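Participant: Input: one structure, supplied below.
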Amino acid sequence: MNLTNRKNILRAAKVGILLFATLVLSTAYSTPRPVRGTSMSNFPAAHADFLGTASYEAIFDDATGTADPGPPGPKPIIVGPNVRVNAPQSAPPVDLLGRSETTIAVGEDGTNQVAGWNDAVGFARPPFTLVSPLAGIPGLSGYAFSTDGGVTWTDGDAPPNFAATTPFFSGNIVTRGDPWLTVSDQNGADTFLYANLAVFLQRDSGNNTVDAGVSVHRGTFSGSSFSWNDVHALSAPNAPFDFYDKEAIVAKGGTIIVSVTNFIGISAPGTNPDFCQFAGGFGQIEVWRSTDGGNTYQGPAIAQPDQTDLSDTNCLTGVLNQGSDPVIGKGGNVFVTWTNGPSFSGGATVTPVTEQIRGASSSNSGASFTSPVVIRNIVPGRQNPPVGYNRNRYNDFPRAAVDRASGRIYVAFQDASVAGNDGIGGSGTVCLPASGNPSPGPPCPAGQRRVMLGGGADTDVYLTFSDDNGATWSTPTLITPMAGDDKIQFWPVVTVGPQGEVNVVYYESQEVQLNPSPTVIECSIGIGGGLTRRSIRSSIVDTFVARSTDHGATFQSPVKLSSASSNWCRGTVNIRPNFGDYIGATTVGPKTYAVWADDRNTIMIGGVPRNVVDVFYTSARTIAGDVNGDLKVNILDVAAAAYAFSTKPGAPRWNEAADMNNDGSIDILDVAIVAFYFGTSG
């Protein structure tokens, strides 16, 4: 450190101490606080229920159409402003509505960020729509970037359609959803990687959309701009008879891991029907790897073999494997987790419905994997989603993270084992006056439709960990305040901070009656197949974060991230599902960054204000006042905040971690927050 820098830091420390003394002697500071899809192949209709959002929609052309801030006073976690990430939406025919299924990656210093989502407008562009397509970059995955720590965002539309070649087809490739972002420090610079399912822009000679497997875009920032530089396509080994779905990506240095579900073709000539030969399997978890920063990829290795019962020649019996998530640990260790189940017999779900959270480990950077290990047996909420969700089922996919200092692996998951999966308020139904499509269940008299009295299944969120690279697992810890609390806590994302603190972001739906009348249908949602789910309850959804500072042993009370609740029954969308299959979060330094689907905003449609589903973002500081991420607030943090005083992003002294209230500038409020929490720790 040169003499000038030392003098600057000492001067900043003196300023911070003076500010701190002033604040202590004065009053206490209060902290701020459808879409049109085109079948690209002959994916078996009997297996349609296995697919994730983007695959189902693209193949089967089945489309649909303020929170209490709590008591005053300082909180242990400071939540920043909620910011819409995507550009404003417009009503059809100039746009298609729906931005959901979110993901985020944040650069090492927290300043540069990229968010991604499923974007409905892509269904109105080639190759999904060829007649009068909408303008813009083709693709079902959108993205936006920020160069000021998430204060403002630039919507980049879809990633560019670079050329790629697979063993059976060549041409420009287009994203088709299931977005997943990660970032890697390569040669001292952040490289962002965006994995998606993919199709070719050009159709084949039969005018069919051609599957391209998984695409991985690489992008970098240059000053205030961001660009995607290239793409790599990962094709299923037996494509086009195999079919990829639900990919995920993680990176560490030059090592990149992509996990994916492969619905393999089942072929016994003269025995199986033709449809088995295309994606007739029940899901095989495969892993691709790169050790040169994404220049080349090797694989796939099989983490979970397909579990199709070959004695059923119609390919309708087996165990589903879906929804993988990989992590990279110490010394070349790789771990991947996924959901195993439910089981199917002759195309019907085996009851009682059960699932397992499974995992497999690799000690050679993903080249091969151990046999799968059962992490936890769970009671799924799969068949009984929130009433405002516009599919007949939703997922129970786990999420993983690793403490790269200790090597401890964490897996977060949802489980209805305490309350059961009948639904909040029971599984009873009544017939009430209504028109339109029928509802699931027995038919009602003319002029009436079947209406649910209860809500979705009461799932709770848990965390378990392993200290031996996934061989054995701890007894799960309940993350939510109370199990079986008549709320749905679901889609958890676990992240680990630099000091080993564990943060879990998740959705919570209160399945409640907003109107006390027992005859008012509050929710009426098309769920596909010509059916509408109706309920006297609504799904009131918020996003929360819970934090552990003892390496996942216990969790503090959850803190609400969303500043406005969403009502999933009111969002106007042209995409299924309306709120995606998952949400995104990451922890970098002292902050946890989260993105989710949110319907607080309205646009005018036919002269009537209608709620639309956007991507929203916020950041939550793990320890209020902690600038350097060491889980305590001391003179070093005061000095750092004072040193960055009066700066904005791009200034030489700017420090994103010192922006306590996330407003894009470091001023007296930020230094005051640090001073107020002086002496506290995690």
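Participant: Scanning for something surrounded by 20 or more Cβ atoms within 10 Å (Cβ to Cβ), among the basic types (Lys, Arg) and part of a loop (DSSP other than H, G, I, E, B), does region 355-377 turn up at least one residue?
Facilitator: No, region 355-377 contains no residue that is surrounded by 20 or more Cβ atoms within 10 Å (Cβ to Cβ), among the basic types (Lys, Arg) and part of a loop (DSSP other than H, G, I, E, B).
Participant: Take the conditions out of contact with any helix residue (DSSP H, G or I) (no Cβ under 9 Å at 6 or more places or on another chain), aromatic (Phe, Trp, Tyr) and either surrounded by 20 or more Cβ atoms within 10 Å (Cβ to Cβ) or under 18 Å from residue 166 (Cα atoms) (or both) and apply them to residue 241. Does it pass?
Facilitator: Considered against the rule, which asks whether it is out of contact with any helix residue (DSSP H, G or I) (no Cβ under 9 Å at 6 or more places or on another chain), aromatic (Phe, Trp, Tyr) and either surrounded by 20 or more Cβ atoms within 10 Å (Cβ to Cβ) or under 18 Å from residue 166 (Cα atoms) (or both), residue 241 comes out as no.
Participant: Can you name the residue in region 303-318 that is assigned to a strand (DSSP E or B) and more than 24 Å from the chain's Cα centre (by Cα) and is also nearest to residue 368 (Cα to Cα) among such residues? So that I can check it myself, show each step before the final result.
Facilitator: So in region 303-318, the residues assigned to a strand (DSSP E or B) come out as 303-304, 308, 318.
Now narrow it down to the ones that are more than 24 Å from the chain's Cα centre (by Cα): 308, 318.
On the way: 308: 22, 318: 24 Å.
So the residue we want is 308.
Participant: Could you please let me know if residue 521 is surrounded by fewer than 24 Cβ atoms within 10 Å (Cβ to Cβ), assigned to a strand (DSSP E or B) and aliphatic (A, V, I, L, M)?
Facilitator: no
Participant: Here is a follow-up. Can you tell me which residue in region 525-565 is surrounded by the fewest Cβ atoms within 10 Å (Cβ to Cβ), limited to those that are assigned to a strand (DSSP E or B) and over 25 Å from the mean Cα position of the chain (by Cα)?
Facilitator: 531
Participant: Of everything in region 477-496, what is modelled with pLDDT of 95 or more, under 22 Å from the mean Cα position of the chain (by Cα) and in a loop (DSSP other than H, G, I, E, B)? Give them in sequence order.
Facilitator: 479, 487 - these are the residues of region 477-496 that are modelled with pLDDT of 95 or more, under 22 Å from the mean Cα position of the chain (by Cα) and in a loop (DSSP other than H, G, I, E, B).
Participant: Taking the conditions exactly as written (surrounded by fewer than 20 Cβ atoms within 10 Å (Cβ to Cβ), closer than 26 Å to residue 620 by Cβ and at pLDDT 95 or above), does residue 512 satisfy them or not?
Facilitator: yes
Participant: Confirm whether residue 620 is under 16 Å from residue 671 (Cα atoms) and not in a loop (DSSP other than H, G, I, E, B).
Facilitator: Numbers: under 16 Å from residue 671 (Cα atoms): no; not in a loop (DSSP other than H, G, I, E, B): yes.
When the stated conditions are applied, residue 620 does not pass them.
Participant: Give me the residue from region 189-206 that is at pLDDT below 95 and not hydroxyl-bearing (Ser, Thr, Tyr) and, out of that set, nearest to residue 169 (Cα to Cα).
Facilitator: 204
Participant: Has region 186-194 got at least one residue that is buried (at least 24 other Cβ atoms within 10 Å of the Cβ) and farther than 22 Å from residue 399 by Cα?
Facilitator: Scanning region 186-194, I find no residue that is buried (at least 24 other Cβ atoms within 10 Å of the Cβ) and farther than 22 Å from residue 399 by Cα, so the answer is no.
Participant: Something else: Please enumerate the residues belonging to region 259-282 that are among the small types (Gly, Ala, Ser) and over 25 Å from residue 234 (Cα atoms). Steps first, please.
Facilitator: The first filter runs over region 259-282 and keeps only residues among the small types (Gly, Ala, Ser), leaving 259, 265, 267-268, 270, 279-281.
Listed by number, the residues that qualify are 268, 270.
Participant: Shifting gears a bit: Please determine, by comparing only the residues of region 642-670 that are within 32 Å of the chain's Cα centre (by Cα) and assigned to a helix (DSSP H, G or I), which one is farthest from residue 113 (Cα to Cα).
Facilitator: Filtering region 642-670 for residues within 32 Å of the chain's Cα centre (by Cα) gives 648-650, 654-666, 670.
Imposing the further condition that a residue be assigned to a helix (DSSP H, G or I) reduces the set to 656-658, 670.
Working: 656: 12, 657: 14, 658: 17, 670: 21 Å.
Applying the filter and picking the extreme gives 670.
Participant: Turning to a different aspect of this structure: Just to verify a result, which residue in region 386-431, among those that are among the aromatic types (Phe, Trp, Tyr) and part of a strand (DSSP E or B), is surrounded by the fewest Cβ atoms within 10 Å (Cβ to Cβ)?
Facilitator: 410
Participant: Given the conditions (1) closer than 23 Å to residue 559 by Cβ; (2) hydroxyl-bearing (Ser, Thr, Tyr); (3) at pLDDT 95 or above, report the number of the one that residue 435 does not fulfil.
Facilitator: Among (1) closer than 23 Å to residue 559 by Cβ; (2) hydroxyl-bearing (Ser, Thr, Tyr); (3) at pLDDT 95 or above, the lone unmet condition for residue 435 is (1).
Participant: I'd like to verify a number: residues in region 469-494 that are surrounded by fewer than 24 Cβ atoms within 10 Å (Cβ to Cβ) and β-branched (Val, Ile, Thr), how many?
Facilitator: Residues that pass the stated criteria total 4.
Participant: Provide a single number: the residues in region 623-644 that are under 28 Å from residue 222 (Cα atoms) and either of a type in the set (Lys, Arg) or surrounded by fewer than 19 Cβ atoms within 10 Å (Cβ to Cβ) (or both).
Facilitator: Residues meeting the conditions: 1.
Participant: When region 202-227 is examined, which residues are found to be over 21 Å from residue 155 (Cβ atoms) and over 21 Å from the mean Cα position of the chain (by Cα)?
Facilitator: Listed by number, the residues that qualify are 202, 203, 204, 205, 206, 207, 208, 209, 210, 211, 212.
Participant: With respect to residue 263, is the statement that it is assigned by TED's automatic domain parsing to the domain that holds residue 345 and surrounded by 23 or more Cβ atoms within 10 Å (Cβ to Cβ) true? Talk me through it step by step, then tell me what you get.
Facilitator: Details: assigned by TED's automatic domain parsing to the domain that holds residue 345: yes; surrounded by 23 or more Cβ atoms within 10 Å (Cβ to Cβ): yes.
When the stated conditions are applied, residue 263 passes them.
Quick grid of which residues meet (1) charged (D, E, K, R); (2) more than 26 Å from residue 298 (Cβ to Cβ):
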site: 321; (1), (2): no, no
site: 330; (1), (2): yes, no
site: 338; (1), (2): no, no
site: 347; (1), (2): no, yes
site: 362; (1), (2): no, no
site: 365; (1), (2): no, no
site: 395; (1), (2): no, yes
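Residues are listed down the side, and each one gets a yes or a no for (1) surrounded by fewer than 24 Cβ atoms within 10 Å (Cβ to Cβ); (2) of a type in the set (D, E, K, R); (3) over 30 Å from residue 358 (Cβ atoms); (4) not assigned by TED's automatic domain parsing to the domain that holds residue 369:
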position: 433; (1), (2), (3), (4): yes, no, yes, yes
position: 436; (1), (2), (3), (4): yes, no, yes, yes
position: 443; (1), (2), (3), (4): yes, no, yes, yes
position: 446; (1), (2), (3), (4): yes, no, yes, yes
position: 449; (1), (2), (3), (4): yes, yes, yes, yes
position: 455; (1), (2), (3), (4): no, no, no, yes
position: 462; (1), (2), (3), (4): no, no, no, yes
position: 467; (1), (2), (3), (4): yes, yes, no, yes
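The values are calculated or read from the model by the stated rules, or taken from the named source; none is laboratory data. Computed from a prediction, not measured in an experiment: that's the story for all the values here. A quick note on method: Cβ atoms are made from the backbone with ideal geometry, for glycine too, and the neighbour counts reach across all protein chains shown.
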